[in-house]
Amino acid sequence: MNPDILCFFEGRRDALPLYERLEQALLAELEPVEIRVQKTQISFYNHRMFACASFLPARRKKDRPETWLTVTFGLDYPVRSPRIDVVTEAQPNRWTHHVLIGRPEEIDEELMAWIKEAAEFSAAKS
């Protein structure tokens, strides 16, 4: 494991399996993917950033599981789903979606389809 990733999860090691499952799924289904560890998030890039993992509290504390990770991705339209905690139009025709996950099983086909679509959207931008 990348030491920068381990450092990112310092004090929150319980969430590391969530990240590991996300990274594994991304690398298995998309290429190329560049991973950049930053202070507040781990970002996934192809041509541009298309998704990230963070501890952004997308839900009120009382509604969050004990262990959680927020997965963020961008599309050119708002996705309407009960799984998506927050949707904002960050720029015209650029919608940011935040999905809070609490179990590795939540990194499933539906979430990965959104992330793959976000990667395609990112790659298509000039």
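Among residues that are modelled with pLDDT of 95 or more and open to solvent by less than 80 Å² (accessible area, probe 1.4 Å), PRO82 is not included. The set of residues from segment 16-32 being surrounded by fewer than 19 Cβ atoms within 10 Å (Cβ to Cβ) and either part of a helix (DSSP H, G or I) or hydrophobic (A, V, I, L, M, F, W, C) (or both) comprises LEU16, PRO17, GLU20, ARG21, GLN24, ALA25, LEU27, ALA28, GLU29.
Condition (residue is open to solvent by less than 10 Å² (accessible area, probe 1.4 Å), over 12 Å from the mean Cα position of the chain (by Cα) and at pLDDT 95 or above) applied to segment 43-58: is it met by at least one residue? Looking through segment 43-58, none of the residues is open to solvent by less than 10 Å² (accessible area, probe 1.4 Å), over 12 Å from the mean Cα position of the chain (by Cα) and at pLDDT 95 or above.
Scan segment 2-19 and give yes if some residue there is under 18 Å from TRP114 (Cβ atoms) and among the polar types (S, T, N, Q), otherwise no. Among the residues of segment 2-19, not one is under 18 Å from TRP114 (Cβ atoms) and among the polar types (S, T, N, Q), which makes the answer no.
Pairing each residue of segment 4-32 that is without any contact (Cβ under 8 Å) to a residue 12 or more places away in the chain with any residue that is β-branched (Val, Ile, Thr) and open to solvent by 10 Å² or more (accessible area, probe 1.4 Å), provided the two are 6+ apart or on different chains, yields C-beta distances under 8 Å for LEU27/VAL33.
The values are calculated or read from the model by the stated rules, or taken from the named source; none is laboratory data. No experiment lies behind these values; they were computed from the predicted model shown. Cβ sites come from the backbone with ideal geometry, for glycine too, and all protein chains shown count toward neighbours. We work out accessible area using only protein heavy atoms, side chains counted, and drop any ligands, DNA or RNA first. Shrake-Rupley method; radii C 1.70, N 1.55, O 1.52, S 1.80 Å.
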